[in-house]
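Have a look at the structure below before the remarks.
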Amino acid sequence: MLQLPKVIGHRGAMAYAPENTLASFHEARRRGAGWVEIDVKLTADAVPILMHDPSLARTMGIDRLVAETPRAELPQEVPTFEEAIDCFRALGLGCNVEIKPCEGREAETARVAVETLRRCWPAVLPAPLLSSFKDASLLAAFQAAPEFARALLIGALDDDWQVRAEAVSAAGINTDGKLLTAPRAVEVRKAGYALSVYTINDGDVARALVGMGVDCVITDAPDVILQALGDRAPQI
């Protein structure tokens with residue numbers, strides 16, 4: 001079964017620093033996280049960058065679509081995927097790479113992401129985990145680079161979750177922890193999948209989910225959840 005840490009910092013450490021930035025990764029590490037989760041999408045000129053939304057409006061205050069913006073015109077705060085990997089190397093961070101394609105670029109984004117990983121990922125770090133809400137992205141990733149483990153992102157686990165997971169040869173399921181039921185958690189674990197939940201910032205909720213069989217909690221506040229799970233003291 002896929003081996004994951006107990007806690008992964010969501011987009012770095014969103015509770016303390018701007019999401020998907022180098023500063024957020026440094027903050028996650030400072031607060032005890034050994035892994036972070038990031039979002040990778042492509043610019044107009046097909047450069048993989050870290051950005052969650054289709055638009056730059058929420059995070060950068062710029063009313064422009066990522067898919068229509070070349071890398072050279074992005075704010076400096078937006079790191080490329082390669083710059084993020086360099087940061088992970090320096091900090092010793094593992095990574096859950098969410099493939100977050102702009103509409104219509106599901107396969108292309110996956111192929112560019114795995115090519116970048118093959119070329120740049122440091123051998124000294126644990127192997128990255130690829131995840132996506134887009135089945136087409138995970139399938140393209142599997143076809144292009146089957147050596148990277150994949151997790152299917154699903155908001156709520158419907159009855160077809162395992163059929164979808166098998167279709168992309170996923171090793172894990174990442175799901176909304178607020179919607180996960182105990183019977184579904186047991187079902188996922190019995191089927192041999194690693195089970196991760198997002199985005200849990202309450203220590204009591206995290207403990208309850210781990211009690212249900214959850215392997216990994218993705219959180220904006222890694223120090224809070226690490227302390228709640230007794231994994232290690234916050235490193236502040």
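A helix-only calculation puts the chain at -10000 deg cm²/dmol for mean residue ellipticity at 222 nm, using -39500 (n - 2.57) for each DSSP H run of at least four residues, averaged over all residues. For residue 6, the aspartates and glutamates whose Cα comes closer than 19 Å to its Cα, not counting residues fewer than 8 places off in the same chain, are 27, 37, 98, 176, 202, 204, 215, 220, 223, 231. Taking every C-alpha pair closer than 8 Å and separated by at least 6 residues, the mean separation divided by the residue count of the chain gives a relative contact order of 22 percent. Ligands, DNA and RNA left out, the 1.4 Å accessible surface of the chain is 53% carbon and sulfur atoms. Loop exposure criterion: GluC sites (Glu not before Pro), DSSP state outside H, G, I, E and B, at most 11 other Cβ atoms within 10 Å. Applied to the chain, the longest stretch between such sites is 1-102. What do you get for trypsin sites (Lys or Arg not before Pro) in region 152-219 restricted to DSSP loop and a cutoff of at most 15 other Cβ within 10 Å of the site's Cβ? Answer by residue number: 178.
In region 60-147, what trypsin sites (Lys or Arg not before Pro) fall in a loop by DSSP, with at most 14 other Cβ atoms inside 10 Å? In loop regions of region 60-147 (DSSP not H, G, I, E or B), the sparsely surrounded trypsin sites (Lys or Arg not before Pro) are 64. For residue 131, the amide hydrogen comes within under 5 Å of the amide hydrogens of 97, 98, 99, 151, counting only partners 5 or more places away or on other chains and with H modelled in the peptide plane.
Can you pull the accessible area of residue 14 for me, 1.4 Å probe, Å² to the nearest 10? So the heavy atoms of residue 14 present about 60 Å² to solvent. Under a model in which nothing but the beta-carbon of Lys, Arg (+1) and Asp, Glu (-1) is charged, region 54-121 shows a dipole of about 180 debye around its Cα centre. For region 116-168, a simple Cβ point-charge model (Lys and Arg +1, Asp and Glu -1, everything else neutral) yields a dipole of about 400 debye relative to the Cα centre. Of the DSSP H helices in the chain, those with a Cα length along their own long axis of 18 Å or more and a mean Kyte-Doolittle hydropathy reaching -0.5 comprise 106-120. Our Cα-only numbers for region 45-131 put the radius of gyration and Dmax at 13.2, 39 Å.
Kindly identify region 13-83 as rounded, prolate or oblate by the Cα gyration tensor criterion: order the square roots of the eigenvalues as a ≥ b ≥ c, call it rounded if a/c is under 1.5, otherwise compare a/b with b/c, prolate if a/b is larger, else oblate. Cα axes put region 13-83 in the prolate bin.
The values are calculated or read from the model by the stated rules, or taken from the named source; none is laboratory data. A quick note: this is a predicted structure, and the numbers were derived from the prediction, not measured. Positions of Cβ are generated from backbone atoms using ideal geometry, with glycine treated the same way; all protein chains shown enter the neighbour counts. SASA here: full protein model, heavy atoms, side chains in, ligands and nucleic acids out. Shrake-Rupley method; radii C 1.70, N 1.55, O 1.52, S 1.80 Å.
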